[in-house]
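The values are calculated or read from the model by the stated rules, or taken from the named source; none is laboratory data. All values reported here derive from a predicted model rather than from experimental measurement. When we count neighbours, we look across all protein chains shown, and the Cβ atoms used for this are built from the backbone with ideal geometry, even at glycine.
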Amino acid sequence: MQYQNIVGGTFISRPNRFLAKVRIDGEIETVHVKNTGRCTELLLPEANVMLQRSDNPERKTKYDLIGVYKEALGWVNIDSQAPNKVVAEWLKKQDYTFVKPEYVYGDSRIDFYMEKGEEKYLMEIKGCTLEIDGIGYFPDAPTERGVKHLHELIRAKKEGYQCIVAFVIQMEGVAEVRPNATMHPEFAEALHKAGQAGVKVLALGCRVTEDTLEIDQEREL
């Protein structure tokens, strides 16, 4: 996937989950942060950031903050909408005969439903932006929704679906993702149970630039 209307800036502060102060061409702008996670190891004062300029004149904020440059790692895409978009592109290159996003199953909306012959698949996507010593971790903030989705996949697996949870690694140089048990032990426990139940766990590595994100590797965890 490729972004349009990209501009660079310098991060100053983050007053709340949704907004940040960024210096763009010498002017301080209030911008929208496209990630409600904490991102505390990324959004540091004076960090170089990438923003997408909105073409909607009615918006209160002119820019979306979508990327941060991390020393010794490179660009990290923090756009929480990007993982589903890039997986949708990736799935078109796989051998599924049918793909439907936003599939309602039980009390949840699962990211993708796919078919391959007689097999039916459910796939839930999680974006990974937290890196520690070369390893990715998820989540960087508690996610009750993520735990619920894992329980739904376990139930679907028992009902005959092929189930997948895929971690999209929104940075380069990281091939492994582990559950962040310190941040959210319930998610780590649910992921372990999902693996035991036969839910496939994938790490999807990406090529990341200032204005692009593309899946270029797949690894089963």
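Numerical summary
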item	result
Residues of segment 102-118 satisfying the condition of being more than 22 Å from GLU144 (Cβ to Cβ) and either β-branched (Val, Ile, Thr) or touching a strand residue (DSSP E or B) at 6+ places or on another chain (Cβ under 6 Å) (or both)	TYR113, MET114, GLU115
Subset of segment 95-127 that is at pLDDT below 95 and at positive phi - its residue that is surrounded by the most Cβ atoms within 10 Å (Cβ to Cβ)	GLY106
Condition check for LYS92: surrounded by fewer than 20 Cβ atoms within 10 Å (Cβ to Cβ) and farther than 18 Å from GLU218 by Cα	no
Selected residue (criterion: farthest from GLY136 (Cα to Cα)) from residues of segment 174-220 that are hydroxyl-bearing (Ser, Thr, Tyr) and part of a loop (DSSP other than H, G, I, E, B)	THR209
Count - residues of segment 129-157 that are in contact (Cβ under 8 Å) with a residue 60 or more places away in the chain, under 17 Å from THR36 (Cβ atoms) and within 12 Å of the chain's Cα centre (by Cα)	4
Selection count where residues are touching a residue at least 24 places away in the same chain (Cβ under 8 Å) and among the hydroxyl-bearing types (Ser, Thr, Tyr), scope segment 78-106	3
Residues of segment 10-37 satisfying the condition of being surrounded by 17 or more Cβ atoms within 10 Å (Cβ to Cβ) and either under 19 Å from the mean Cα position of the chain (by Cα) or in the same structural domain as LEU130 (by TED's automatic domain parsing) (or both)	HIS32, VAL33, LYS34, ASN35, GLY37
Residue count, segment 165-178 (criterion: modelled with pLDDT of 95 or more and surrounded by fewer than 21 Cβ atoms within 10 Å (Cβ to Cβ))	2
Residue within segment 71-78 that is assigned to a strand (DSSP E or B), of a type outside the set (A, V, I, L, M, F, W, C) and more than 28 Å from ASP133 (Cα to Cα) present	no
